[in-house]
Amino acid sequence: MATTRRKPLNRERILDTALSLVVEEGYEAMSLYNHVANKDDLLDGILDLVLAEMELPDPAGGLKSIRSSSISAHEALVRHPWAAGLLMSPARIRPARLEFMDSLLAALRESGFSAETTYTAYHVLDAHIIGFSLWQSTHGSLPADIDLENMRPFLDRMLPAEKYPHMHEHGMQHLEEGPHRDVRTFEYALDLLLDGLERSRA
């Protein structure tokens with residue numbers, strides 16, 4: 001009987017498989033660890049794959065390039081919601097992460113900001129990219145199978161309108177369609193940050 005030869009495992013195949021498994025199993029419990037000698041090397045490898053999906057800021061591209069690369073980085077972290085927390089670990093400062101950081105700093109300096117303003121602006125932008133992505137990984141959206149009709153009385157009990165009028169209004173907005181659904185929150189806040197930087201430069 002003919003047999004199909006398995007392709008030999010190499011680093012690229014292992015990392016591609018790990019990137020798929022981590023969504024299902026989480027990086028702490030990933031079964032693929034049984035097939036590699038070094039857990040840290042595997043985590044670094046899949047983090048490198050995520051970082052490779054991020055568009056680097058173009059130092060000559062000004063604030064427009066910073067906006068585009070920030071959105072690209074956020075979208076990569078949304079596709080891989082486990083990665084934002086891993087990026088915050090001091091042990092996971094990867095070369096590609098350093099390259100992104102350096103390019104962002106260069107883009108700010110080349111846009112005409114002083115070293116002092118760049119220092120603050122960099123931290124604000126980096127915190128927005130990673131912090132918002134980390135928040136969205138746990139508070140992003142309602143499950144697709146949730147019963148919205150049952151959620152309304154639950155919110156009425158948990159956030160009674162007479163005691164928490166604004167929280168009640170906000171909670172109900174999560175369950176309703178409307179123009180607020182058309183706003184991409186990450187980009188909304190990013191544009192506020194960039195508009196503020198533009199005004200400070202002027």
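The values are calculated or read from the model by the stated rules, or taken from the named source; none is laboratory data. Since this is a predicted model, take the numbers as computed values, not measurements. Positions of Cβ are generated from backbone atoms using ideal geometry, with glycine treated the same way; all protein chains shown enter the neighbour counts. For accessibility, only protein heavy atoms count, side chains too; no ligands or nucleic acids. Shrake-Rupley method; radii C 1.70, N 1.55, O 1.52, S 1.80 Å.
Multiplying the residue separation of Arg184 and Tyr119 by 0.36 nm and removing their Cα-Cα distance gives an extension gain of 20.7 nm.
Each residue of the range 191-202 is assigned a 3J(HN,Hα), and the resulting list reads 5, 4, 5, 5, 4, x, 5, 4, 5, 5, 5, 5 Hz, derived from the Karplus form 6.51 cos²θ - 1.76 cosθ + 1.60 (θ = phi - 60°), x at Gly and Pro.
In a fully extended conformation the segment linking Ala127 and Glu53 would gain 24.8 nm over its present Cα-Cα distance, using 0.36 nm per residue. Accessible surface for Arg79 stands near 120 Å², nearest 10, in the context of the full protein assembly shown (1.4 Å probe).
Taking a ≥ b ≥ c as the square roots of the eigenvalues of the Cα gyration tensor, an a/c ratio of 1.5 or more together with a/b larger than b/c marks the range 49-185 as prolate.
Please report the net charge: other residues with Cβ closer than 13 Å to the Cβ of Phe186, K and R +1, D and E -1. Display every interim value, and only then the final one.
Numbers: positive: Arg67, Arg184; negative: Glu75, Glu187, Asp191.
After counting each charged neighbour, the total is -1.
Annotation for Trp135 and Ala106: the two label points, set 7 Å from Cα along the Cα-Cβ direction, are 3.1 nm apart.
Shown is the FRET efficiency for Val78 and Lys163, computed with R0 = 41 Å from the Cβ-Cβ distance and rounded to the nearest 0.05: 0.75. For the range 71-117, what does the alpha-carbon gyration tensor say about shape, rounded, prolate or oblate, given a ≥ b ≥ c as the root eigenvalues, a/c under 1.5 as rounded, and a/b over b/c as prolate? Cα axes put the range 71-117 in the prolate bin. Using the Karplus relation 6.51 cos²θ - 1.76 cosθ + 1.60 with θ = phi - 60°, the per-residue 3J(HN,Hα) values for the range 163-169 come to 9, 10, x, 7, 5, 5, 4 Hz, with x marking Gly and Pro.
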